1. If the requirement is being open to solvent by 60 Å² or more (accessible area, probe 1.4 Å), under 22 Å from Gln59 (Cβ atoms) and either at pLDDT below 95 or assigned to a helix (DSSP H, G or I) (or both), which of these qualifies: Thr123, Thr129?
2. Going through region 159-179 one residue at a time, which ones are among the hydrophobic types (A, V, I, L, M, F, W, C) and either surrounded by 18 or more Cβ atoms within 10 Å (Cβ to Cβ) or more than 37 Å from the chain's Cα centre (by Cα) (or both)?
3. Counting only residues that are of a type in the set (D, E, K, R), farther than 15 Å from Pro118 by Cα and modelled with pLDDT of 75 or more, how many does region 44-59 have?
4. Which ones in region 69-83 are hydrophobic (A, V, I, L, M, F, W, C), farther than 13 Å from His136 by Cα and surrounded by fewer than 22 Cβ atoms within 10 Å (Cβ to Cβ)?
Amino acid sequence: MDQGIAGLAAGIAGLIGAGVGGLATAYGARVGAQKTIEAAQTQVRAQSSVDHQQWVRDQRRQACTDVFDAFSRYLRAASVCGSHVKASRAVSVDEIGELSAAAMDLHVVAGHLELWGPDDIVTAADGVTSTARAQHERFTHWLAAFASGDAEAMSEQASRINSGWQDLARMRTELVTAVRAQLTVHASHSVLADPNGSGHSS
């Protein structure tokens, strides 16, 4: 009788032990699964953040490229007008119109950088656009002097236009420096192509 009770007690103890062990195993598996899920969620969030940062960099890079392209178009139009000033001959309405359109396009495109930043690039781009606008105004003043036959005023404006080229080159260099500080060296080689097509930076 005692042996039967002892055997039953041992059997019950075994069942209880198996149950506890099973619960522990199940709990351990659940904890492990939860940690796996949390790790996966952390990885997804991290990847999403990396993807977003890369997307912002791509948008910034494209905006910078657009500014340099617009600046290239502006320089081409300004160079045409500049050749007339140098030769003291009239600039056509179409040519000054192209310069005006190029200056406006540069202003609009540079404004897109405000969406992506950073501030140093935005500031440098503002310097480029304001200098381009000032050069455009010098051309219009020269045309007014040319139309009135005021040789002294023509000479004064021509001198200011010559100084304006140096200002434009300096502003472009500041923009190049700001962009290079933000983008990778590899990206800067493609973004910072010389808008004059000469293949070097000022």
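1. None of the others qualify; the one that does is Thr123.
2. Result: Ile161, Leu168, Met171, Leu175, Val176, Ala178, Val179.
3. 1
4. Hits for region 69-83: nothing passes.
The values are calculated or read from the model by the stated rules, or taken from the named source; none is laboratory data. Keep in mind that this is a model prediction, so the values were computed, not measured. When we count neighbours, we look across all protein chains shown, and the Cβ atoms used for this are built from the backbone with ideal geometry, even at glycine. Surface accessibility is based on the protein's heavy atoms, side chains included, excluding ligands, DNA and RNA. Shrake-Rupley method; radii C 1.70, N 1.55, O 1.52, S 1.80 Å.
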